[in-house]
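Every read-out reported here was derived from the displayed coordinates using simple, explicitly stated rules and does not represent laboratory data. Note that this is a predicted model, so its numbers are computed, not measured. Note that we place each Cβ from the backbone using ideal geometry, even for glycine, and neighbour counts take in every protein chain shown.
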Amino acid sequence: MSGSYTDKTLYRAVGQAIRRYTMISDGDRIAVGLSGGKDSLTLLAVLEERRRWVPIDYTLAAFYIDLGFPGRNSDIISAYCREKGYDFHVVHTDYGIRGHSAENRENPCFLCAHLRRKRLFELAYEWKCNKLALGHNKDDIIETLFLNMCYSGKISTMSPSQIFFNGKLTIIRPLAFADKKLISRFAQDKNFPDLVNPCPSAQNSKRKEIRDMLDRLYRGNKKIKGNIFHAMQRVMIN
């Protein structure tokens, strides 16, 4: 595979995750959940490119859930995906508005995310997809661990591969071994559309608090992120 150092490093990380968790098999039809951010656009670009040179035959269908906030994000991402020739679909909803309604002010992110995930499950079924690929990266997985420990009192996080509905659908996260900084460099190199997150909770969420805390830790010791990530895979009960 030709390409820049960033490309090779990212493709290597994705390949390692896919092989370790047997994420993609011959004949898979994969729904890709697009948020409009650099992570999910990177995921779609990488999975589309890998189809050209891996000896596995699979197909992709990308879905963008418009949450109902004002703005032109759905138009921008639609134009971009049409230009690239992706099999792409927009689904318009009011999930973001409902999540931030007066009767749900305590936890708008939970309801919005729940509704979006449910709709993606439905779309995967409707389009006969047996896999659903999401753009969560290594940093997201670590942040989710700390979110659950601090606010739910449990040690758990997102799995790189998770089976649902008695094996009818599997969620895969091919970016699970990729750092967000690597993805940011890749997105910049590929000139992805620059979309502004219209969610009013984007800068005030519990996840952002955890992210800021972890960033301070990482600045103090470069080994901390890797140690946390490896520790999640080696939980021991003493």
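Couple of notes before you dig in:
- MRE, 222 nm, helices only [DSSP H, n ≥ 4, -39500 (n - 2.57), over the chain, to nearest 500]: -15000 deg cm²/dmol
- Cβ-placed point charges (K, R +1; D, E -1), dipole of the chain about Cα centre in debye, nearest 20: 800 debye
- 24 Å Cα-Cα reach of residue 38 towards lysines, excluding residues that sit fewer than 8 places from it in its own chain: 8, 84, 118, 131, 138, 180, 181, 190, 206, 208, 222, 225
- Computed from the alpha carbon positions, the gyration tensor of the stretch 5-232 leads to an equivalent ellipsoid with semi-axes of 25, 23, 18 Å, biggest first.
- Mean Cβ count within 10 Å, highest first, over the residues of peptides 119-127, 50-58: 119-127, 50-58
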